[in-house]
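Take a look at the structure set out below.
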Amino acid sequence: EVAHEGIHYFTHADKGILKLIRDLALKTGLVAREYIGGKRKKYFPPLNFFLLASALNLFIINFDRMIKVQSIEKIFPNIVTETNPKMIQMYTHSYERYVQGTAFLGAHGNLSAILMLPIVAFVFWLFYRKRGYNFTEHLVANMYASGFTTLTFVAMAAINLLVKMDIYTIFYVWFLFQFGYLAVFYYRMIPNSSVVRAIFWSATALLATFLFIELGMMIYMM
């Protein structure tokens, strides 16, 4: 009975996850607009979708150890010529913290995604606050957008298990896709939105998350 209900939940013709993925690919931001507008029985729940995508992302990253740790010479080039024992000790300590931080991000990618979600939602709420959507509604919209782009990364990473491309190339391509998708998503979600503004604020939101991660890593290393 549980198995039957579970399969029905994911594949139901009216609001299954496969239909949601198709709609997010073709209708992008219109999905969020309709869901926030009250058509909630029509779509797979946003939080469930986001958590499922995050879980799959965590699995694929750890399955192939996709997050690579760079050598200490790459992070601190000065250590090669450094002669001061205290400076060498400082570089070594910071590198150990870098390795620990990278391992944490790899093992808890879903937690990182959850922490990033409100930052992106806040940036868009700040800019579009006069368009009638509150912060929670932007949060819901970004659960759909982030969930879809995360599943795209999972698909790219799964293909990469076969073709074995440079993982950083995969990350760069996915980042560009995420930027473009988010811009289209908000352009279609917000009535009478400007293409240029949607692009600008999509870049701003992604930059904010990147800086947040980098700042957190720097503080941890220090």
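The values are calculated or read from the model by the stated rules, or taken from the named source; none is laboratory data. Please read all numbers here as calculations on a predicted model, not as lab measurements. In case anyone asks, the SASA skips ligands and DNA or RNA and just uses the protein heavy atoms, side chains included. Shrake-Rupley method; radii C 1.70, N 1.55, O 1.52, S 1.80 Å.
Ordered from highest to lowest accessible area with the whole protein assembly present and a 1.4 Å probe, Y172, Y181, Y95 read as Y172, Y95, Y181.
Rounded to the nearest whole Hz, the Karplus-based 3J(HN,Hα) values (6.51 cos²θ - 1.76 cosθ + 1.60, θ = phi - 60°) of the range 28-45 follow the sequence 6, x, 5, 4, 5, 4, 5, 5, 5, x, x, 8, 8, 6, 7, 10, 4, x, with x at glycine and proline.
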